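Colleague: Mind looking over this structure? Questions follow.
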Amino acid sequence: MGAVKKTTNTPGQREKSSEYFRGVLSELKKVHWPDRKQLLTYTGVVFVAVAIVSVLLWIVDSGLSIVLTQILG
């Protein structure tokens, strides 16, 4: 059996982690956050798109079920 290697946070790792999170915060400040009206519009678009895809999948599933019932039944 091999020895289990313990990892410790070295000063270099802490510095890299700190730099990474500073970069993340910097990028988040550049993000264009939608206002309430845009958010509601985008949410509505997503719901409509999901509904359309759901109906299309239901139609295809029903059609395939009928075809397979005819073939196997």
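Colleague: How many residues, within the range 25-51, are surrounded by 10 or more Cβ atoms within 10 Å (Cβ to Cβ) and not in a helix (DSSP H, G or I)?
Modeller: Total meeting the criteria: 1.
Colleague: Within the range 52-70, work out how many residues are more than 31 Å from the chain's Cα centre (by Cα) and either among the polar types (S, T, N, Q) or open to solvent by 90 Å² or more (accessible area, probe 1.4 Å) (or both).
Modeller: Going through the range 52-70 one residue at a time, the tally reaches 4.
The values are calculated or read from the model by the stated rules, or taken from the named source; none is laboratory data. Remember, predicted model here, so these are calculated numbers, not experimental data. Cβ atoms come from the backbone with ideal geometry, glycine included; neighbour counts cover every protein chain shown. Side chains included, ligands, DNA and RNA excluded: accessible areas come from the protein's heavy atoms. Shrake-Rupley method; radii C 1.70, N 1.55, O 1.52, S 1.80 Å.
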